[in-house]
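Student: Dumping the structure here so I can ask a few things about it.
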There are 2 protein chains.
Amino acid sequence: MRRSIATVCLSGTLDDKLTAAAAAGFDGIELFENDLVVSPMAPAEVRKRCADLGLSIDLYQPFRDLDSVSEGRFRNSLDRAERKFDVMAALGVHTVLVCSSVAPDAVDDDDLAAAQLTALAERADDHGMRIAYEALAWGRHVSTWDRSWRIVQRADHPALGLCLDSFHVLSREVSPAGIAGITPGKIFFLQLADAPHLSMDVLQWSRHHRLFPGQGAFDLPGFVRLVLAAGYRGPLSLEVFNDVFRQADPARTAIDAMRSLIALEDDLGIRRLPDAPELTGHAFTEFAVDGNSGPELRSALRGLGFAHTGQHRTKPVELWEQGTARIVLNSAVTQPGPAAISAFAVTSADPSRSLARAGALLAPAHPNVREPGEAELAAITAPDGTSVFVTHPGDDWRADFLPTGTAAGPGAGLLAVDHLGLAQPFDHFDEAGLFYHSVLNLDHLATEEYAAPFGLMRSRAIANPSRTVRLALTVALLRRGDWAPAVADPQHVAFTTTDIIATAAALTVPALPVPDNYYEDLAARFALTADFVAALAAHGILYDRDPSGHELLHLYTPVFGGRVFFEIVERRSHYDRFGEPNAPVRMAAQRHRRLNP
Amino acid sequence: MRRSIATVCLSGTLDDKLTAAAAAGFDGIELFENDLVVSPMAPAEVRKRCADLGLSIDLYQPFRDLDSVSEGRFRNSLDRAERKFDVMAALGVHTVLVCSSVAPDAVDDDDLAAAQLTALAERADDHGMRIAYEALAWGRHVSTWDRSWRIVQRADHPALGLCLDSFHVLSREVSPAGIAGITPGKIFFLQLADAPHLSMDVLQWSRHHRLFPGQGAFDLPGFVRLVLAAGYRGPLSLEVFNDVFRQADPARTAIDAMRSLIALEDDLGIRRLPDAPELTGHAFTEFAVDGNSGPELRSALRGLGFAHTGQHRTKPVELWEQGTARIVLNSAVTQPGPAAISAFAVTSADPSRSLARAGALLAPAHPNVREPGEAELAAITAPDGTSVFVTHPGDDWRADFLPTGTAAGPGAGLLAVDHLGLAQPFDHFDEAGLFYHSVLNLDHLATEEYAAPFGLMRSRAIANPSRTVRLALTVALLRRGDWAPAVADPQHVAFTTTDIIATAAALTVPALPVPDNYYEDLAARFALTADFVAALAAHGILYDRDPSGHELLHLYTPVFGGRVFFEIVERRSHYDRFGEPNAPVRMAAQRHRRLNP
């Protein structure tokens, strides 16, 4: 099926938008009238520009408040429509979207609506145009797909059909099941948008919070199946009003949008991607360090019980190990700055299939410089710029490292990587969720919001089904301004232990100090014994318990190298989160330590 | 009355918050439990720190889900409360806020609620504490002030009273009028928050969008009068959950908060400020220019018909005039950069009273360097850093300028300044609205949101009653990121004319090119005659019409000096806005011109 995108999804001028849509591989666009009105390109120029870019114009939109109105007003609207048909002819677009009326004085009368739409369709027909009638979820009287379909049936004109928009349909209580029974050929256009479940006015929800398919909570595949069952063969077209996308780089947004359609088509079985192989664990995490941050991180790793086991044959890169947890320190940085998680590696049952799938989903390939004889490690670049390597558990990438002679001992009892905490760039949080889900098959477990000392935060937990690969993606709810700590958004690696008390006792790096007030409150909140709380407090261990009684014990380190810290977690039974309620405690303590070193 | 602020209003750690509250002159705080829990200061240290800063702790909050629950759960809550009473004793706070239960299994039984609150009040009494019971607007069963009052009456315990929060009361349909009849002494605490009218879930509305009094749409003075009529004499305490304030500089937010209380007290007649004298017009607008932007602005002013009439006696400052519109170009900038509106001057019937009022409202005085014999011009600094001078119409500040010998002629027919367009810093948009309203008595006429090429924009029109001083305050709905034009937020001065066609013909500076598509759409939208539209198009004039038929004709110039542009407006009859629907046309055209100079 052809893939289209509404210009309103993208930021910039019309030319910015067309360029971005074409570069991402779209076949067509929905042209939003406002984008044309502010453009210096005449309609014929827009048509030519689109043709040059390989884009068709699939829909012109919208006509508003046209139906269900008084006769005088309707005649004015017909005159207006005539002018717009001329514009459409110059653009070379043949379908126009007519939204159900929201006018306060709109008349509640299906016969009137059908008669007016018929009159409009006759005019359209004279110009070789078609009318796609859409029930806005907040339409004055016509606000559900089934009512718009009854009106279109009553009008019964070949130039009049339906536009179905997943948001307008799925945000309402009316079941979409009957869509499959719509007369073939009468769905003129299909618009796709996802959205999170939000308790708010439906118009505001629609105008500010739509997302691309797979980024929200709606069942898009189920919806599209119904539309396909009704014989629809037009484009899959995205129409997403989103405050962030409106101000983000349109080239990036268009690729995110295209990825959402590719993944949706895979779900629908329209075009098959290589299946996502099962991921089996974290292979290594790489930090980029410079002359300042390197020594700090080495000292921290030593304090956590890691051993420096290997030195890369050709590069200034060190391997540190404990249990199956492996940290790579890469000093080959071109620009000095705070330490950062520059890459992480996951193991896959079939790395080449993982990478083929990633490529089909437009994940940028990470350029890897490899010396002869070195292991071939292939990577993709995540939305936050981190390189994600995909390796096989049997790959011996460690052979690229010369043994230092120091073996990894029991250390402090750290066994493996539990999760990575990756602060996301503000513009790319929803993109990242879809990226990891579609490319690596990491499921969205939950999203939490919490009040941190420097503003509200959102944290999204994603993981593979076996929970051997977990990521915590975080973002500030509003893009931060000048007032924020120097290290507002640190990154971190969390390690597992089965006995955090013993591990904590074995550490020679200090745990982040946790306030006594926290333990006082903890005892009151969870009715814990004084002994248990005292044991936690003695080691700066934090505590969380989910509604099922599963427990998390965890501790944080201070920030090292300017931007990274470590966490140690002991999950008791099936605790499946990241102790988000304790994040503000960490953030306040890290700030306190920075101000009082 | 004493003035308090909840720590949740401010960003940062507890110490950041206390410091900011004290510096802004607050007498006390409401201590939010989470702020204590993450703080390394023990309760006794917090008490001492507050005392050192001259702050009392007026309320500890909140206890949640304590009433209307099962007996077992209630006993646990009592144990929890006992621990908190000890914490409160160490803090030296005697009142705790208990919110009505939101637990899904809360019982709908006033007798049970009253009995449990009585049991809690007895425990509190033993510790010398008091319980302030508050109906959350989204409480499971108790969600209105009158129901919470019935329960408190039924409980009838001296250590149990009400907490009234303006948001929870005014966001509901229940009339607040009966508050005046509450038994004196039974309102234990008063929390104040304003909010805009929003169609959304009341909990989300409350948690994200509260504002300080005077910044929203609620009738705070009316509400407080009812509470005072019931004999309340405790603190006026602000409790504002706001996403922006949570991440803005707390020192600034605390002053904004204090200004809101000072203005409220003035409204209530509790403490009188000097009355705001009537403003009578714009005296001058000053641009800071450097060696690059100066020549560009001079050329633009000449093209607009301005004459360079005066040169400052001692400073590199030029006066340009046309009609009563006066522009000052100040080259005494310390740092080169784009041109900017560095100051503007308004005329007041009583400048010294205007400035006394401004001072009482904590408006920072602008340091003015004046040579002997020069006019005394006093100014304050607005939230965006612009200096606002207040002069008398009779002041001869122009005597500081030596005549150049060029007189101001009829120019292009510009008569006066219509308005200034001031892009506001993201963190200070609501602060600016309150600042101009309280300090200069500029009324909030309307706020509009529109989709611009680089994201959603909010524009707030403010003006004096006679409309001789108007400002358009604008801000991006989300703080902008990397993807934005170089001149995302230009500033501008708009001038009036009574014949924009003649003025446009007399200009020698080019008007900003307006797309033909705009005129094509305009004709369709407003059913204008072809001749009229052609006349507009010939000069790049834009058009708007309000629902009453009042018209605006206006044109824009390109951006000069990197960040400023000019506008010419002809208001027909009583058009009272700024042509906001045309702003996206301007923004797209300015970007187009920048990319295609």
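The values are calculated or read from the model by the stated rules, or taken from the named source; none is laboratory data. Computed from a predicted structure; not experimentally measured. Methodologically, a virtual Cβ is constructed for each residue, glycine included, from the backbone with ideal geometry; neighbour enumeration extends over all protein chains shown.
Student: Of the conditions (1) on the phi > 0 side of the Ramachandran plot; (2) modelled with pLDDT under 95; (3) not aromatic (Phe, Trp, Tyr), B:Asn292 clears all except one; give me its number.
Tutor: Against the list (1) on the phi > 0 side of the Ramachandran plot; (2) modelled with pLDDT under 95; (3) not aromatic (Phe, Trp, Tyr), B:Asn292 comes up short only on (1).
Student: Conditions: (1) part of a helix (DSSP H, G or I); (2) more than 14 Å from every other protein chain (Cβ to nearest Cβ). B:His208 meets all but one. Number of the miss?
Tutor: Against the list (1) part of a helix (DSSP H, G or I); (2) more than 14 Å from every other protein chain (Cβ to nearest Cβ), B:His208 comes up short only on (2).
Student: For the structure I just gave you, tell me whether B:Asn582 is within 20 Å of B:Asp499 (Cβ to Cβ) and within 14 Å of chain A (Cβ to nearest Cβ).
Tutor: yes
Student: Still on this structure, please answer the following. Just to verify a result, which residue in the stretch B:234-267, among those that are in contact with a Gly (Cβ under 9 Å, 6 or more places away or on another chain), part of a helix (DSSP H, G or I) and of a type in the set (D, E, K, R), is surrounded by the fewest Cβ atoms within 10 Å (Cβ to Cβ)?
Tutor: Applying the filter and picking the extreme gives B:Asp267.
Student: Looking at the stretch B:182-233, which of the residues that are surrounded by fewer than 22 Cβ atoms within 10 Å (Cβ to Cβ) and β-branched (Val, Ile, Thr) is farthest from the chain's Cα centre (by Cα)?
Tutor: B:Thr183
Student: Does B:Glu371 satisfy the condition of being touching a residue at least 40 places away in the same chain (Cβ under 8 Å), in the same structural domain as B:Gln491 (by TED's automatic domain parsing) and not in a strand (DSSP E or B)?
Tutor: yes
Student: Right, here's the next one. Looking only at the stretch B:477-504, filter to residues that are surrounded by fewer than 21 Cβ atoms within 10 Å (Cβ to Cβ) and assigned to a helix (DSSP H, G or I); which one of those is farthest from the other protein chains (Cβ to nearest Cβ)?
Tutor: Ranking the qualifying residues of the stretch B:477-504, first place goes to B:Ala502.
Student: Any chance you could count how many residues in the stretch B:70-101 are under 41 Å from the mean Cα position of the chain (by Cα), more than 13 Å from chain A (Cβ to nearest Cβ) and over 22 Å from B:Ser237 (Cβ atoms)?
Tutor: 1
Student: Tally up the residues in the stretch A:506-520 that are facing chain B (nearest Cβ under 7 Å) and more than 15 Å from A:Ala588 (Cβ to Cβ), please.
Tutor: Residues flagged as facing chain B (nearest Cβ under 7 Å) and more than 15 Å from A:Ala588 (Cβ to Cβ) within the stretch A:506-520 amount to 1.
Student: Another question about this same structure. Scan B:Arg140, B:Arg147 and give me the residue that is among the basic types (Lys, Arg) and touching a residue at least 40 places away in the same chain (Cβ under 8 Å).
Tutor: One residue alone meets the criteria, B:Arg140.
Student: Of everything in the stretch A:555-593 that's more than 24 Å from the chain's Cα centre (by Cα) and of a type in the set (Lys, Arg), which residue is farthest from A:Leu536 (Cα to Cα)?
Tutor: A:Arg591
Student: State yes or no: is B:His539 under 21 Å from B:His574 (Cα atoms), surrounded by 14 or more Cβ atoms within 10 Å (Cβ to Cβ) and either not hydroxyl-bearing (Ser, Thr, Tyr) or not assigned by TED's automatic domain parsing to the domain that holds B:Phe565 (or both)?
Tutor: It is false that B:His539 is under 21 Å from B:His574 (Cα atoms), surrounded by 14 or more Cβ atoms within 10 Å (Cβ to Cβ) and either not hydroxyl-bearing (Ser, Thr, Tyr) or not assigned by TED's automatic domain parsing to the domain that holds B:Phe565 (or both).
Student: When you check A:Val37 against the structure, is it free of Cβ contacts under 8 Å to residues at least 12 places away in the same chain and among the aliphatic types (A, V, I, L, M), yes or no?
Tutor: For A:Val37, the condition - free of Cβ contacts under 8 Å to residues at least 12 places away in the same chain and among the aliphatic types (A, V, I, L, M) - is met.
Student: From A:Ala345, A:Ala360, which residue is in contact with a Leu (Cβ under 7 Å, 6 or more places away or on another chain) and surrounded by 15 or more Cβ atoms within 10 Å (Cβ to Cβ)?
Tutor: Exactly one of A:Ala345, A:Ala360 is in contact with a Leu (Cβ under 7 Å, 6 or more places away or on another chain) and surrounded by 15 or more Cβ atoms within 10 Å (Cβ to Cβ), namely A:Ala360.
Student: If A:Asp521 satisfies all but one of (1) surrounded by 21 or more Cβ atoms within 10 Å (Cβ to Cβ); (2) among the acidic types (Asp, Glu); (3) within 20 Å of A:Ala461 (Cβ to Cβ), what's the number of the condition it fails?
Tutor: Answer for A:Asp521: the failing condition is (3).
Student: Among the residues that make up the stretch A:171-178, is at least one of them surrounded by 17 or more Cβ atoms within 10 Å (Cβ to Cβ) and of a type in the set (A, V, I, L, M)?
Tutor: no
Student: A:Thr474: part of a loop (DSSP other than H, G, I, E, B) and either within 26 Å of A:Ala288 (Cα to Cα) or not assigned by TED's automatic domain parsing to the domain that holds A:Asn582 (or both), yes or no?
Tutor: Considered against the rule, which asks whether it is part of a loop (DSSP other than H, G, I, E, B) and either within 26 Å of A:Ala288 (Cα to Cα) or not assigned by TED's automatic domain parsing to the domain that holds A:Asn582 (or both), A:Thr474 comes out as no.
Student: Kindly indicate which of B:Ala530, B:Ala523 is without any contact (Cβ under 8 Å) to a residue 12 or more places away in the chain, touching a Lys or Arg at 6+ places or on another chain (Cβ under 8 Å) and within 14 Å of chain A (Cβ to nearest Cβ).
Tutor: The unique qualifying residue is B:Ala523.
Student: What number goes with the only condition from (1) more than 14 Å from chain A (Cβ to nearest Cβ); (2) under 30 Å from B:Leu14 (Cα atoms) that B:Arg252 does not pass?
Tutor: Among (1) more than 14 Å from chain A (Cβ to nearest Cβ); (2) under 30 Å from B:Leu14 (Cα atoms), B:Arg252 violates only (1).
Student: Out of curiosity, is B:His437 surrounded by fewer than 20 Cβ atoms within 10 Å (Cβ to Cβ) and touching a helix residue (DSSP H, G or I) at 6+ places or on another chain (Cβ under 7 Å)?
Tutor: no
Student: Hand me the list of strands (runs of 3 or more DSSP E) wholly inside the stretch B:533-593 holding 2 or more residues that are more than 21 Å from B:Glu520 (Cβ to Cβ) and modelled with pLDDT of 95 or more.
Tutor: B:564-572
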